[in-house]
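The values are calculated or read from the model by the stated rules, or taken from the named source; none is laboratory data. All figures in this text were calculated on a predicted structure; none of them were measured in a lab. With ideal geometry, Cβ positions are generated from the backbone for all residues, glycine too; neighbour counts draw on all protein chains shown. Note: accessible area is taken over every heavy atom of the protein model, side chains too, but ligands, DNA and RNA are not part of it. Shrake-Rupley method; radii C 1.70, N 1.55, O 1.52, S 1.80 Å.
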Amino acid sequence: MAHLKSFTHTLPIMILIIMIGFFLRIYHLTSVPLRGDEAFSVQYWAGQPLNIALAQTATIEPHPVLTYAVFRGWGVIAGTSELAMRLLPALAGLLGIPAIFAIGKRLGNNQIGLLAALLFAIHPFEIWHAQDARNYAIWAGLSLIALWLGLRALDNQRRRDWLLYALAASLAANIFYTELLSLAAFGAYVLIIYWRNWKVVVWWAAAAALAVGLSMASFLIIQAPLFARGGYTGSIGGALDVTRLWKHFLPVLNFGEITLPADTLTQTWPLLLIVLLGGLVAIWHNNRRMAIALTLLGIIPPVLLAFISTKLDIFTPRYVLPTTPIYILIFTGLVLYFSRLKHPLVGKTVSMLLLAGWITISGTSLTNYYFDPAYAKARDWPALAHFIQQNAQPNDLIIQSAADPAFGYYYHQSQSAIAPDIPLPQTPQQPIADIQSALQAYNQEKTAIWQVGQEFPDWPNAGIVKNWLDAHMQLVLHDNPGGLNVFAYKNWQVASDEIAQSPFATFSNVTELVGYKVIFPADPSGELTVWLYWKPLKTTSAPLKIFVHLLGEINLTTGSPLWTQDDRYPQNGRISTETWLPSVVYRDVYTLPLNGMLAGMYTLELGLYDPATDTRLPVGSADSYVLQSIQLK
């Protein structure tokens, strides 16, 4: 009856905690675009048949077969939209809430289990990955269930409990390979505590063998060649850096990685280390076996990862994500210890201060994640894709200097990708001569070349594409849609079919304006880009400048109708009206800043003038030519 009464009181609170966890995992679920790895998952895990994913994708991205099967199955059932793909880890991550509650009960009672469940439900690092279309949150939830079932099997020593543990451990290890590190930590606990009970050791060994065997079979069949040919190299330069485990891993696994300032993480780790060590000491007084288990599970996986990372590029906190609930359990053990001191006022005060501090840091991390664009997990790739879709031509070429699947996902999503896109450089090792040769060919074949994305500065061939384009082609457009740089280049020689070449205006028999194009910026406060096409009729005795003005109502700042302008020599001084060649068409680019402009209707006008005398060339009966009206919103 006591057990039933306890369950009746606990169940409503657990339902509330699960609801909180669910809300935080679906809140703003699609407010930020997919990051590159997520887009890769959507396109190549969920978006293509399983046999193709295993034959092509799994051989270059080392994840177990079950990951590809789960994502493909979910994609078939729920679709591959942002919402559908992020909903999978969001729901799977909820599995950890009841699991950590059950483990927390072993530290003390229902109260400590409920506190651990609450801290897990609101945990910034868990939520970040639960809203990430990858396999980490799924793995973390299954890993926690496996730990609970393993501890249960050790207590009950029943065949069905060991079978359930074997199943859960196998599922976790076949969602993400580094689950084997947690499996090793749990095995160390079994051997330390139960080394005299050979039946328990045998049962654990059989369960572990199943999980390891299935996981290794997946690896050897699909990914072994990738590692054999050196596809993954050491991430810490071959040197073991254990100090990073407590200076970086510890604060990240407890409060999040890119949701707090770096200096906050740096300042947090010493106090955090003291708190967790204190928690282990406190748990030791009440439950020595659990203290040993949590110590091993909290230390062994990160340390083993550090050793493995001297050979493989995997030294990052998310690869030991299942240690996060371990630290939560240790912390709740410390809170429980102080709440039970003989001096209740002192104990409860310390307990509340610890809890308030933990929740404050977690809350700050979550607030940054949800509301501060500076901590957004992904750039605004849809804005970049839309801008290019609006301005590129079919015979243009889009070059990603650092290929990001997120750009491809959004660029091709609406079937509006009218120009092909390629990565260049294709790899860090691609020879510079090959890159330059390819660019030379594209320069002759394509109407325009667009360069998008952020380059990897540590690549040996970084900067080659941008430097070549700047040296050999005309920069005709630069914008920053969604905070992502985009550059468009054209051949200096204007193609015969680029414009109609019918004159719009003639300026004093010096030159004709035979074409123009106005390109609006992606952001209202950006720059209006204007292409002017000049066909000289003769040279001049003095160099003339060209002005492009945006006029509107009287500007109170200047006391004139002029709001923004760009005055310069043709092609920014590359050519001169003294020497330009008659009958040759020149493309000229002007940019007008729109920052601070008011919404309304404006007039775009242009002309030529002698900067020495400020005398404008006549165009008909006027001294300027009105190009068109511009509506700013």
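Need the list of lysines near residue 538 for cross-linking: C-alpha distance under 21 angstrom, and skip anything on the same chain fewer than eight residues off.
Residue 538 reaches no qualifying lysines.
Taking the solvent-accessible surface of protein heavy atoms with a 1.4 Å probe, what is the per residue accessible area of the chain in Å²?
Ligands and nucleic acids excluded, the result is 44 Å² per residue.
What FRET efficiency comes out for residue 613 versus residue 377 if R0 is 45 angstrom and r is the Cβ-Cβ distance? Round to the nearest 0.05. Don't jump to the answer; show the numbers that get you there.
Details: r = 57 Å, r/R0 = 1.27.
Efficiency, from the Cβ-Cβ distance: 0.20.
Quick one: dipole size for the range 18-112, taken about the Cα centre, charges +1 on Lys/Arg Cβ and -1 on Asp/Glu Cβ, in debye to the nearest 20.
Working: 6 positive and 4 negative charges, 75 e Å.
Dipole about the Cα centre, nearest 20: 360 debye.
Amide H to amide H, which residues 5 or more places from residue 569 or on other chains are under 5 Å from it, using H placed in the peptide plane?
Answer set, sorted by chain and number: 546.
Over the alpha-carbon set of the chain, work out the extent along each principal axis and list the three values in angstrom, largest first.
103, 57, 45
Using only the Cα atoms of the range 486-619, build the gyration tensor, take square roots of its eigenvalues as a ≥ b ≥ c, and label the shape rounded, prolate or oblate: rounded if a/c is under 1.5, else prolate if a/b is larger than b/c, else oblate. Display every interim value, and only then the final one.
Working: a/c = 2.02, a/b = 1.35, b/c = 1.50.
Verdict is oblate for the range 486-619.
Could you calculate the contour length gain from residue 26 to residue 303, that is, 0.36 nm times the residue separation minus the distance between their Cα atoms, to one decimal place in nm? Display every interim value, and only then the final one.
Working: separation 277, 0.36 × 277 = 99.72 nm, distance 3.31 nm.
Length gained, residue 26 through residue 303: 96.4 nm.
Modelling each spin label as a point 7 Å along the Cα-to-Cβ direction, I'd like the residue 224/residue 287 distance in nm, to one decimal.
Label at residue 224, label at residue 287, 4.2 nm between them.
With charges set only on the Cβ (+1 for Lys and Arg, -1 for Asp and Glu), what does the dipole of the chain come to about its Cα centre, in debye to the nearest 20?
On the way: 38 positive and 38 negative charges, 751 e Å.
Around 3600 debye, computed over the chain.
Please list 615, 557, 10 in order of solvent-accessible area, largest first, computed with a 1.4 Å probe with all protein chains present.
Values: 615 80, 557 130, 10 15 Å².
Sorted descending by solvent-accessible area, the residues read 557, 615, 10.
Go through 459-467, 173-181 and give me the packing order, highest mean Cβ count within 10 Å leading. It would help to have the intermediate numbers written out before the result.
Details: 459-467: 16.3, 173-181: 24.0.
Averaged packing, sorted descending, gives the order 173-181, 459-467.
Stretched out fully, how many nm does the piece from residue 258 to residue 202 gain, at 0.36 nm a residue minus the Cα gap? Walk me through the intermediate numbers first.
Values: separation 56, 0.36 × 56 = 20.16 nm, distance 4.26 nm.
Result: 15.9 nm gained on full extension.
Could you pull out every one of the lysines with an alpha carbon less than 22 Å from that of residue 535, ignoring same-chain neighbours closer than 8 positions?
Partners within reach: 490, 517, 545.
Using a 7 Å offset from Cα along Cα-Cβ at residue 395, what residues in the range 473-498 end up with backbone N under 20 Å from the label point?
In the range 473-498, the label zone of residue 395 (backbone N under 20 Å from the point 7 Å along Cα→Cβ) covers 473-477, 488-498.
Among 181, 501, 518, whose Cα sits farthest toward the positive end of the charge dipole of the chain (+1 at Cβ of Lys/Arg, -1 at Cβ of Asp/Glu, about the Cα centre)?
The one lying farthest along the dipole's positive direction is 181.
Residue farthest toward the positive end of the dipole of the range 286-444, with Cβ of Lys/Arg at +1 and Asp/Glu at -1: which of 292, 325, 306?
Sorting the options by dipole projection puts first 292.
Could I have the simple spin-label model distance between residue 568 and residue 312, label points 7 Å from Cα toward Cβ, reported in nm to one decimal?
5.1
What FRET efficiency comes out for the pair residue 584/residue 456, r = Cβ-Cβ distance, R0 = 25 Å, nearest 0.05?
Values: r = 40 Å, r/R0 = 1.60.
Efficiency at R0 = 25 Å is approximately 0.05.
Across the Cα atoms of the range 38-179, what radius of gyration and what greatest pairwise Cα-Cα distance (Dmax) are found, in Å?
When restricted to Cα atoms, the range 38-179 yields Rg and Dmax of 16.4, 49 Å.
In whole angstrom, note down how far apart the Cα centers of the range 542-617 and the range 54-111 are.
Cα centres, the range 542-617 to the range 54-111: 58 Å.
Identify all lysines with a Cα-Cα distance to residue 311 below 22 Å; exclude those on the same chain that are fewer than 8 residues away in sequence.
Reachable lysines: 247.
I'd like the carbon and sulfur percentage of the solvent accessible area for the chain, probe radius 1.4 Å, heavy atoms only, ligands and nucleic acids excluded.
61
Just for the Cα atoms in the range 372-426, what are the lengths along the principal axes, largest first, rounded to whole Å?
If we take the Cα atoms of the range 372-426, the spans are 39, 25, 16 Å.
Rounded to whole Hz and in sequence order, give me ³J(HN,Hα) for the range 539-550 from the Karplus expression 6.51 cos²θ - 1.76 cosθ + 1.60, θ = phi - 60°, writing x for Gly and Pro.
8, 10, 6, 10, x, 9, 9, 10, 10, 10, 10, 10
Along the charge dipole of the range 1-118, which of 15, 84, 57 sits closest to the positive end, that is, farthest toward it, with unit charges on the beta carbon of Lys, Arg, Asp and Glu (+1, +1, -1, -1)?
15
Can you list the HN-Hα couplings for the range 574-591, worked out from phi with the Karplus curve (6.51, -1.76, 1.60; θ = phi - 60°), rounded to whole Hz and with x for Gly and Pro?
5, 10, 9, 5, 6, 10, 5, 9, x, 6, 8, 8, 10, 8, 10, 10, 10, 10
Give me the number: length gained by fully extending residue 109 to residue 360, i.e. 0.36 nm times residue separation minus the C-alpha to C-alpha distance, one decimal in nm. Walk me through the numbers before you get to the answer.
Working: separation 251, 0.36 × 251 = 90.36 nm, distance 2.49 nm.
Between residue 109 and residue 360, full extension yields 87.9 nm more.
Take the Cα radius of gyration of the range 274-405 and divide it by 2.2 N^0.38 Å, with N its residue count; two decimals is plenty.
Values: Rg = 23.2 Å, N = 132, 2.2 N^0.38 = 14.1 Å.
Ratio of Rg to 2.2 N^0.38 Å for the range 274-405: 1.65.
Under 5 Å between amide hydrogens, which residues at least 5 positions from residue 619 or on another chain qualify, with H placed 1.01 Å from N in the peptide plane?
Excluding prolines and chain starts, which carry no amide H, the hits are 624.
Could you list which residues have their amide H under 5 Å from that of residue 401, counting only those 5 or more apart in sequence or on another chain, with H placed in the peptide plane?
Here 424, 452 satisfy the definition.
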